[in-house]
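The next block holds one structure in the form of C-alpha cells; read it before the comments.
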Amino acid sequence: MMERLNLALFVVEAIAYFAIMVTLLHFRHRIGLGVFLTALGVMHFMETYLAAVFYVALPFGIVSPGSSVFFAGKLMMILMLYLKEDAATVRQPIYGLFLGNLMTVGIAWFLQLHIPVDLTGGRGADFGFLNEMGWLMIWGTALLYIDSLGIILLYEKLGRFIQRWVVLRFMLSGLALLTFDQVGFFAVLHYFVGVPLSVFWGGWLAKMLSVCIYSGLFAAYQFAVRRHGATLAQRSISDVFNDLTFRERYQDLLSRSGRDTLTGVLDRNSMELDGPQLVRDSLEREETMTVLLLDADNFKDVNDRFGHLEGDEVLKAVASQFATVLRPTDRLFRFGGEEFVVLCPRTNHAEGLLLAEHLRWQVAGTVRNLEGQPITVSIGVATLGPDSVSFNGLLAVADDRLYQAKKCGRNCVVGQNGKVAAA
C-alpha cells in the first residue's frame, strides 16, 4: 500500500514539475526567459540534496525523487529549451549552475577561517555538509553539461532515421542519456555518501519511467501547440555549443534574404537559384531527385468567404504542416500564391509519391478554415531522368500532373502512372 501511494505521488510530482516548467517556457516571450532559467536553477540544490539523503520505496525499488523526477525533468526541459531557442541559451543555466556550485564550495571553505559567535544554542553551520553537497553539485553540474550536449546530439542524429517522429526522438534521447547519468552520478553517491548498490536499479527504472511520463506530456504539448499552427525548428548539429549556435545564427542570417515574408519558407528567387544547381549536382553524381508541386485546393473560396487575412493564416498553417513532415534534406519553397515546391534530393519517384501522400494527409488532417472545414492540397510529382533532365522541365511535368490532380477531384497526388492517392 505504501509503495503504491509513493508511486502515485511520484507520477503527480512529475506531472506537476512538467506543467509548471513548460508553462514558464511557453510564455517566455511574455514573462521573460529569465523566469524559466531561474526556476530551473534554484531546483538544483534540492535535487542534489534529495538524491543524497531522501529515498522512498516504489514497487520496483528504492528511489530518490530528487534524481528520478526533478533531475530527469531538468534534462528533458533543457532539450525542450534547445528546440525552442538555441544552444547559446541552453548553456547559460549550465554554466551558471557550475559557477554557482564552485562558489558554494569556495565560500564554505573560506568561512571556516572565521571564529564564529554562538547565538543559536549550538546550532552552528554544518560546513562538512556544505562541502559535501557543494562537491556533489559540482559533479552533478558537470554531468548535466555532458548530458545536455549528449541529448541534443543524439536527438539530432536520430533525426536522420526518424525525423518525423519528434516525440520518439525526444523519448529515446532521454532514455539513453539518463541511463548514462545514472551510472555517473550513482558512482559518486556510492563512493562519497555510501548509497548502497541495490538502489542503482530502482533509480534507473524510476528515471526510465520519468522519461516516459515526460514524453507523453511532451506529446500532448506538441499536439496542443500544433493545433495553433506552431512547429518546432529543425537544426543542424555539431559537437560543441559554440559551433551549434554560430551555425544556427549564420544560416538564419543567410536564409532571411531568401525567405518568403508571409510563410517563412524559401521564396521563388531561392528556388530559381537552388533548383538548377541541385539538378546539375544530381546528374553529376548520378543520383535521382524528385520535385513536388503543391497547390492549396479552392483557396480563392477561402479569400472570398473569409477575407485575405484568413487566407494568409491558412497559407502559414499549410506551410507549417509541410515543415513537420519534410526531411532535413528536402527544400520547401513558396512558388507563388497558394503554390509550393519541394525539392527532394536522392529521392526516387516511389519515395516522392510516398512523401507527397504524407504531406497531403498531414494538411487534410490538421488545417481547417474558420468554419472547421478541412483545407486540402493537390500535388504533382516529377522525377529527374524519367520525366526530364532539366529543372524547368521537371517543373513543367509536375505542373501538368498538378493540373491532372485538380481535374481528378483535388486532394490527391498524381505521378507518372496517374492518380495514386485520394481522400
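For segment 344-356, give me the residue count where each residue is part of a helix (DSSP H, G or I) and buried (at least 18 other Cβ atoms within 10 Å of the Cβ).
The qualifying residues number 5.
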Scanning segment 282-304 for residues that are open to solvent by 40 Å² or more (accessible area, probe 1.4 Å) and in contact (Cβ under 8 Å) with a residue 12 or more places away in the chain gives L283, E287, T288, N298
If you go through F129, F186, the only one that is modelled with pLDDT of 70 or more and over 15 Å from M76 (Cβ atoms) is F186
Mind checking whether some residue in segment 321-343 is in a helix (DSSP H, G or I), touching a Phe, Trp or Tyr at 6+ places or on another chain (Cβ under 8 Å) and open to solvent by 20 Å² or more (accessible area, probe 1.4 Å)? no
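From the set of residues in segment 146-178 that are assigned to a helix (DSSP H, G or I) and of a type in the set (F, W, Y), which is nearest to M77 (Cα to Cα)? Give the steps one after another, and end with the answer.
Restricting attention to segment 146-178, the residues satisfying the condition of being assigned to a helix (DSSP H, G or I) are 146-162, 166-178.
If we keep only those that are of a type in the set (F, W, Y) as well, we get 155, 161, 170.
On the way: Y155: 13, F161: 23, F170: 11 Å.
Per the criteria, the residue is F170.
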Would it be correct to say that I162 is loosely packed, with under 13 Cβ neighbours inside 10 Å and at pLDDT below 80? no
Given (1) at pLDDT 75 or above; (2) assigned to a helix (DSSP H, G or I); (3) open to solvent by 70 Å² or more (accessible area, probe 1.4 Å), W109 misses just (1)
Within segment 367-423, residues closer than 22 Å to F335 by Cα, open to solvent by 40 Å² or more (accessible area, probe 1.4 Å) and of a type in the set (V, I, T) come out as V389
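Which ranges mark the helices (runs of 4 or more DSSP H) fully within segment 1-67 that have 1 or more residues being of a type in the set (D, E) and open to solvent by 30 Å² or more (accessible area, probe 1.4 Å)? Break it down stepwise before answering.
Details: elements: 2-26, 28-31, 33-53.
Passing ranges, in order: 2-26.
Might you let me know whether segment 52-65 holds any residue that is of a type in the set (S, T, N, Q), at pLDDT 80 or above and touching a Ser or Thr at 6+ places or on another chain (Cβ under 6 Å)?
At the first step, the residues of segment 52-65 found to be of a type in the set (S, T, N, Q) are 64.
Okay, now just the ones that are also at pLDDT 80 or above, so 64.
Add one more test, that the residue is touching a Ser or Thr at 6+ places or on another chain (Cβ under 6 Å), and what stays is none.
No, every residue in segment 52-65 fails to be of a type in the set (S, T, N, Q), at pLDDT 80 or above and touching a Ser or Thr at 6+ places or on another chain (Cβ under 6 Å).
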Those residues of segment 290-311 that are farther than 19 Å from G365 by Cα and under 33 Å from the mean Cα position of the chain (by Cα) come to a total of 6
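The values are calculated or read from the model by the stated rules, or taken from the named source; none is laboratory data. From a predicted model like this one, the values you see are computed outputs, not experimental measurements. As a convention, Cβ positions derive from the backbone with ideal geometry for all residues, glycine included, and neighbour counts pool all protein chains shown. We work out accessible area using only protein heavy atoms, side chains counted, and drop any ligands, DNA or RNA first. Shrake-Rupley method; radii C 1.70, N 1.55, O 1.52, S 1.80 Å.
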